[in-house]
Amino acid sequence: MTQAKREQFEPGSVVVIEAEKPLARAHVIHDAPLALRHARRLSAPQQVRHGGRGLVRLRQAIATAAAAEREQGLAFLFVPVAMGAGAGLFYMAPADPPLVVLAVGLVVALLFAVLTRENHVAAARCAGYAAALFAGALASAVEVHNGAILLDSDVTTTITGTVEAREFDADGRVRYLVRLTSTTEPEIRRPPLRVRLAARSRHEPVPVGAVISGRARLSAPSGPVMPGGYDFAFRAFFDGIGAQGFFYRAPVQSGPPETVDGWFRSARLGLRSTREHISARIRDVLPGDPGGIAAALAVSDRRGISEPVVDALRATGLAHILAISGLHMALAAGTLYIGIRKALAVFPVLVEALPVKKFAAIGALMTATAYLLISGGSVATQRAWVMLAIMLIAVLADRPALTMRNVALAAIAIILISPSAVVGPGFQMSFAATAALISAYAAIAMRARHESAGPDIRLSGSAPRRWLATAAKALIGLAITSLVAGFATGLFSAHHFHRVAGNGLLANLMAMPLVTFVIMPAGLLAMLLMPFGLDAWPLLVMGQGLEGVIATANYVHSLGGDFNVGQIPLMTTLLAGAGFVILVFLRSRLRLAGLALIGLSAMCALPPVAPHGPDILVSESGDLVGLAGPAGLASNAARPNDFVFGQWRTALRAAPHLPPVVVPEAEVAPGAARDSGTLDRLLASAASQPSRFHCAGRGVCAAIHAGAAIVAIDDAALIGAACDRADLVIVAIPVYLGACRSGATLVTSRSLRRSGALAITVGGHDRSTATSQYGAGGQQARPVFRINAALQGVIRPWTIQRYYDWRTGRFDLPG
């Protein structure tokens, strides 16, 4: 190109060369998407003449798009993704990774990135992402070091401690957060530091800071109810609550409020007392569910909301209203921000002489900080505050506030402060919604700029027509916001909660205007006026708005549309998450690869590609067993535990409950011992009606399911007979027997204590094993059980209590 004209190209420009003529012509285009369209238009005739070069041109187009993405500075956006991956891998490890290995890996990756940044940019970036991964894992290790001691087993004891917080439900019952100082009768050798206890009996509530004592039942935090489920012990470990339970009788105040050492703890107790007074004041003015939701919005106290209302909000996609998150923080701080700017705009002299916008940003930041403190500072609220603070600081620095880079900075801050939030639904759904909205509105704005030469379709003329146009734009904007946020959060909601609100868009379109323009402004005004005793009428206005939200939730819920998607495998969710990140971060047509990954993950989650669900479920205590059959989910209890069985039904797409069949001829007289004949009669009855438990009273049940004979008992005397007659024996008591001599699979509450809940799939039959005999006496090869345990082999600080022996005071670790 000796005759080509030399031009100075700006950084980020894309050069498109037209090579159809002997002398190529270079076009400098400063907009990457427009450059790609121009390149495709120029190369179309050549593709017709040279079809074999299509793949080469595709590679060139991808390279051009990738270069444009690099020029946009998007590499930084993937830093929190790498840090989150490091935190997730750390928590998924079966044992604690050595801290020295993580620290050395971080240093080595950083040094390699620094040394190669000049000559090997791609290698330096890879090393930088590796350093971010090690940083996320290292932050997780530090947080684990500060975790709580979890109770090892359920116990009844007399506790004494200091009340750190109180919560009141709709019926006036109290739930205490107690910092333990002693336990007696018996003394717990490995006591947790904090416990949460409910007081069922009517009594004068013990004030915050006072010493409380009483006879209580303490329960250890439970693990996942099934493999892949939510780990409650994991969350309790990082929340600092080592046990939960209840007082048998009304607790008593055994000492006056103690003198608190340290300003931090004193301030924390004072804030908790203030939260309690605010919640009580709100519910005095607004009784019932509106008051409960108002208290949840103000101080994150949800105990005053009835279960039917919570279910309706969840089924319609409105449950996000109950969690103090970015929406509430933005509405509270944004209302004051706009209010300050509008108030100061009345005085033109001040607007010309002072940076009004920055004063408003400072006021909004102070409001958000106060909201964070009085709300209790949950992880979701901390995340929202960090994100909002970064955006308001950007306003103070005269930088764009709502950008993807600021979202990335907020994510990095949260991962460093509380990395365990990465694996929870709150972090994932909050940042997914924010990133999706920023990406969507950026794409809309870019399209609007490209089409700005088109006809102007804005309404003009009289004031009513302009108001109508404004209202229509607001409604369209709300619909886009709800649709985009619903899609972004739906990916993770389906994984964590196994359900998708089909009518969520309709519910949000009806309810969010009330939340935005009535509930949150009135609530903010009530908080500002509460110290002066003038909060009654703003709270009444807030209550009317909440009545409208409740009515909306009940109406939309009555329409149906709440889809149960069942348990989604982790790898499927990770694939969809990777596609989502590509879709929202990239700006060229390369983002379409994200849609392809999301579509592929959807195919993997649906039949026939989706993996077959478990045939048998066993709770971690062993007293509840479920059989997943074509007619529903059968159990060995007429009234199973709602907490466990409800999650099983949801994970298995809301299968109906099939209670056990009582076999009268197999029952024995009270006080009489059961024998092998009882099991014979139960198995014979079960053979005539498979996939259903047949029981002789409580604690002795049998079933024939998927070609396997199953016996669930709580009587040690029947273990030998059960092993001789069944393929799978489940014993709901701790015994030191590890296996059946007959070759049957034995599961006991002792083995479940370490493995956690089980999901069992029945495979083919193994004729090399001993035969089982049941029913009419026929023999057959034993079935092969594929057992998936929730916690098998996982020895981490939130599972180590499962290996603690309180009799010896030592950990009985394997190996």
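The values are calculated or read from the model by the stated rules, or taken from the named source; none is laboratory data. All values reported here derive from a predicted model rather than from experimental measurement. Here Cβ is always computed from backbone atoms with ideal geometry, including for glycine, and neighbour counts include all displayed protein chains. In case anyone asks, the SASA skips ligands and DNA or RNA and just uses the protein heavy atoms, side chains included. Shrake-Rupley method; radii C 1.70, N 1.55, O 1.52, S 1.80 Å.
Every test in (1) crowded, with 17+ Cβ neighbours inside 10 Å; (2) touching a residue at least 60 places away in the same chain (Cβ under 8 Å); (3) within 30 Å of Arg754 (Cβ to Cβ) is passed by His612 save one, and that test is (1). State yes or no: is Ile582 touching a residue at least 40 places away in the same chain (Cβ under 8 Å) and either under 29 Å from the mean Cα position of the chain (by Cα) or open to solvent by 50 Å² or more (accessible area, probe 1.4 Å) (or both)? For Ile582, the condition - touching a residue at least 40 places away in the same chain (Cβ under 8 Å) and either under 29 Å from the mean Cα position of the chain (by Cα) or open to solvent by 50 Å² or more (accessible area, probe 1.4 Å) (or both) - is not met. Of everything in segment 138-178 that is open to solvent by less than 10 Å² (accessible area, probe 1.4 Å) and among the aliphatic types (A, V, I, L, M), the residue that is nearest to Ala85 (Cα to Cα) is Leu150.
Please verify whether segment 510-531 includes one or more residues that are under 30 Å from Ala333 (Cβ atoms) and part of a loop (DSSP other than H, G, I, E, B). Checked segment 510-531: no residue is under 30 Å from Ala333 (Cβ atoms) and part of a loop (DSSP other than H, G, I, E, B). In segment 117-128, the count of residues that are touching a residue at least 60 places away in the same chain (Cβ under 8 Å) and either closer than 20 Å to Ile412 by Cβ or open to solvent by 40 Å² or more (accessible area, probe 1.4 Å) (or both) is zero.
For the criterion of being modelled with pLDDT of 95 or more and under 24 Å from Ala578 (Cα atoms), Ala63 fails. Restricting to segment 269-287, name every residue that is over 14 Å from Val163 (Cβ atoms) and either outside any loop (DSSP other than H, G, I, E, B) or aromatic (Phe, Trp, Tyr) (or both). Residues satisfying the conditions are Leu271, Thr274, His277, Ile278, Ser279, Ala280, Arg281, Ile282, Arg283, Asp284, Val285. When you go through Leu350, Leu318, Leu271 one by one, which is the residue that is farther than 21 Å from Leu177 by Cα, at pLDDT below 90 and either touching a Leu at 6+ places or on another chain (Cβ under 7 Å) or loosely packed, with under 14 Cβ neighbours inside 10 Å (or both)? Residue meeting the stated conditions: Leu350.
Taken residue by residue, segment 179-188 has no member that is crowded, with 21+ Cβ neighbours inside 10 Å and in contact (Cβ under 8 Å) with a residue 24 or more places away in the chain. Residues in segment 747-764 that are more than 10 Å from Val618 (Cβ to Cβ) and assigned to a strand (DSSP E or B): Thr748, Thr761, Val762, Gly763, Gly764. Close contacts from segment 342-364, counting a first residue that is within 19 Å of Pro400 (Cβ to Cβ) and a second that is modelled with pLDDT of 85 or more and hydroxyl-bearing (Ser, Thr, Tyr), with Cβ to Cβ under 8 Å and a gap of 6+ residues or different chains, come to Ala360/Tyr337; Ala361/Tyr337; Ala364/Tyr337.
Any residue at all in segment 536-545 that is in contact (Cβ under 8 Å) with a residue 24 or more places away in the chain and over 29 Å from Leu475 (Cα atoms)? For segment 536-545, residues in contact (Cβ under 8 Å) with a residue 24 or more places away in the chain and over 29 Å from Leu475 (Cα atoms): present.
Across segment 575-612, the number of residues qualifying as assigned to a loop (DSSP other than H, G, I, E, B) and more than 26 Å from Ile444 (Cα to Cα) comes to 7. Cβ-Cβ distances below 6 Å connect no pair with a first residue in segment 477-502 that is at positive phi and of a type outside the set (Val, Ile, Thr), a second residue that is at pLDDT below 85 and assigned to a helix (DSSP H, G or I), and a separation of six or more residues or different chains. For segment 553-567, the criterion of being under 23 Å from Ile480 (Cα atoms), β-branched (Val, Ile, Thr) and open to solvent by 40 Å² or more (accessible area, probe 1.4 Å) is met by no residue.
Restricting attention to segment 680-720, the residues that are among the small types (Gly, Ala, Ser), open to solvent by less than 10 Å² (accessible area, probe 1.4 Å) and either free of Cβ contacts under 8 Å to residues at least 12 places away in the same chain or closer than 16 Å to Leu633 by Cβ (or both) total 2. Screening the candidates Pro513, Pro538 for the property of being of a type outside the set (Val, Ile, Thr) and modelled with pLDDT of 90 or more yields one hit, Pro538. Listed by position, the helices (runs of 4 or more DSSP H) enclosed by segment 295-377 that each have at least 1 residues that are among the polar types (S, T, N, Q) and within 21 Å of Asn508 (Cα to Cα) are 326-345.
When segment 626-642 is limited to residues that are under 16 Å from Gly697 (Cβ atoms) and among the hydrophobic types (A, V, I, L, M, F, W, C), the one that is surrounded by the fewest Cβ atoms within 10 Å (Cβ to Cβ) turns out to be Ala638. Scanning segment 614-641 for residues that are among the hydroxyl-bearing types (Ser, Thr, Tyr) and over 17 Å from Pro224 (Cβ atoms) yields a single hit, Ser635. When restricted to residues that are under 20 Å from Phe237 (Cα atoms), in contact with a helix residue (DSSP H, G or I) (Cβ under 6 Å, 6 or more places away or on another chain) and either of a type in the set (Asp, Glu) or open to solvent by 20 Å² or more (accessible area, probe 1.4 Å) (or both), segment 783-806 contains 3. Within segment 532-552, the set of residues being surrounded by fewer than 18 Cβ atoms within 10 Å (Cβ to Cβ) and among the aliphatic types (A, V, I, L, M) comprises Leu534, Ala536, Leu540, Val541, Ala551. Within segment 53-90, which residues are aromatic (Phe, Trp, Tyr) and open to solvent by 20 Å² or more (accessible area, probe 1.4 Å)? Across segment 53-90, the qualifying residues are Phe76, Phe78.
Within segment 643-664, if we keep just the residues that are in a loop (DSSP other than H, G, I, E, B) and open to solvent by less than 30 Å² (accessible area, probe 1.4 Å), the residue that is farthest from Val711 (Cα to Cα) turns out to be Ala655. Of Leu133, Leu180, Leu138, all but one fail to be touching a Lys or Arg at 6+ places or on another chain (Cβ under 9 Å), of a type in the set (A, V, I, L, M, F, W, C) and modelled with pLDDT of 90 or more; the exception is Leu180.
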